[in-house]
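Visitor: Sending over a structure as structure tokens; questions will come in a sec.
The values are calculated or read from the model by the stated rules, or taken from the named source; none is laboratory data. Owing to the predicted nature of the structure, the values given are computational and were not obtained by experimental measurement. Neighbour counts are summed over all protein chains in view; Cβ atoms, including those assigned to glycine, are modelled from backbone coordinates with ideal geometry. Keep in mind that these areas ignore ligands, DNA and RNA; they rest on the heavy atoms of the full protein, side chains included. Shrake-Rupley method; radii C 1.70, N 1.55, O 1.52, S 1.80 Å.
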Amino acid sequence: MAGNSQRRNRRTSNKKGATVGSGGKRRRGLEGKGPTPPASARKGHAKNRIANAKAKQAQRRPVARRGGKGTSEMVVGRNPVFEALRDGVPASTLYVQQFIDNDERVREALQLATGRGDVHIMEAPRPELDRMTNGLNHQGLVLQVPPYEYAHPEDLAAAAFDDGEDPLIVALDGVTDPRNLGAVVRSVSAFGGHGVVVPERRAAGMTAGAWKTSAGTAARTPVARATNLTRALEAYQKAGITVVGLSADGETEVGELDALGGPVVIVVGSEGKGLSRLVGETCDFLVRIPMPGGAESLNAGVAAGVVLYEASRHRRA
């Protein structure tokens, strides 16, 4: 009988009734979670991805990766040689024809080359200069421009992050005029950008003409060369950088895009064809420059200057 009574007591002990308190152990669950963390600390937010990319860049020691060399170039003729030396175009050797008529332009070119200190001056017979220039009218002066040392696209973003700045980079898609490249380099320098990216093939390179148009700014604004521009843009996106393409069909006016105030790559196409299909599809945003005057398009140098100004304005706001 006693055993049956104990079993009944155990069964009835499962009935609902007063429960023992938690002793304050659950008090934390009733407390507030505090203020909402900033966007840079919220997982999945765009600013969080940018902050993580910056942190990774700061942790690793940057390793310079070169984008290869261009080809050497010859500037021929008295006026072109004088202007190249005057405008700071890099040069290794100035070839002067033996028994040349010593006019004012020749004297000025020799003075500039001597004053720079890094240009070798060599005298050569006319047949040798004819051979070097493939018979061009050199007028007794030939200036050798060494191959340009291109940066790697990743170097431009890494340098900006290392300085605690949001990258501001211009990429050119299908721009073949070196003067346009020089103008873009000049605009990037003027608005505090971190460099220019050009494709390795079917694109303008840093020739003497590009150097002259840059008005000396090419000496402090790096130009990087990408084997594949689309992949270079995708690599920028993975690093938390927004890719903005300039297109006449863009849905957003350039002045209305807030993304220009952060880390950004601005992609400018050729005046005639614009952006290529793959590059356009890779861009995060396509923007347009409003032109109430009715012009169909702007050349790359002018278009890049307009967008860089807007990016600078957003960053100052």
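Visitor: Given the structure, is residue 94 surrounded by 18 or more Cβ atoms within 10 Å (Cβ to Cβ) and touching a His at 6+ places or on another chain (Cβ under 8 Å)?
Guide: Yes; evaluated as a whole, the condition is true for this residue.
Visitor: Looking for whichever is at pLDDT below 95, surrounded by fewer than 14 Cβ atoms within 10 Å (Cβ to Cβ) and over 28 Å from residue 142 (Cβ atoms) here; the options are 60, 49. Which one fits?
Guide: 60 is the lone residue from the list that is at pLDDT below 95, surrounded by fewer than 14 Cβ atoms within 10 Å (Cβ to Cβ) and over 28 Å from residue 142 (Cβ atoms).
Visitor: Follow-up question, since we're still on this one. Among the candidates 113, 84, 151, 109, single out the residue that is over 34 Å from the mean Cα position of the chain (by Cα), small (Gly, Ala, Ser) and surrounded by 12 or more Cβ atoms within 10 Å (Cβ to Cβ). Can you show your working first?
Guide: Values: 113 fails: over 34 Å from the mean Cα position of the chain (by Cα); 84 fails: over 34 Å from the mean Cα position of the chain (by Cα); 151 fails: over 34 Å from the mean Cα position of the chain (by Cα).
Every option except 109 fails the conditions.
Visitor: So for the stretch 277-286 (the condition being touching a residue at least 40 places away in the same chain (Cβ under 8 Å), part of a helix (DSSP H, G or I) and open to solvent by less than 80 Å² (accessible area, probe 1.4 Å)), does at least one residue qualify?
Guide: There is at least one residue in the stretch 277-286 that is touching a residue at least 40 places away in the same chain (Cβ under 8 Å), part of a helix (DSSP H, G or I) and open to solvent by less than 80 Å² (accessible area, probe 1.4 Å).
Visitor: Looking at the stretch 116-139, which of its residues are open to solvent by less than 60 Å² (accessible area, probe 1.4 Å), in contact with a helix residue (DSSP H, G or I) (Cβ under 9 Å, 6 or more places away or on another chain) and within 10 Å of residue 76 (Cβ to Cβ)?
Guide: 138 - this is the single residue of the stretch 116-139 that is open to solvent by less than 60 Å² (accessible area, probe 1.4 Å), in contact with a helix residue (DSSP H, G or I) (Cβ under 9 Å, 6 or more places away or on another chain) and within 10 Å of residue 76 (Cβ to Cβ).
Visitor: Which of the residues spanning the stretch 287-317 are charged (D, E, K, R), at pLDDT 90 or above and open to solvent by 70 Å² or more (accessible area, probe 1.4 Å)?
Guide: 288, 313
Visitor: Residue by residue through the stretch 230-259, note down the ones that are part of a loop (DSSP other than H, G, I, E, B) and either open to solvent by less than 40 Å² (accessible area, probe 1.4 Å) or of a type in the set (D, E, K, R) (or both).
Guide: Passing the criteria: 239, 240, 241, 247, 249, 250, 251, 257.
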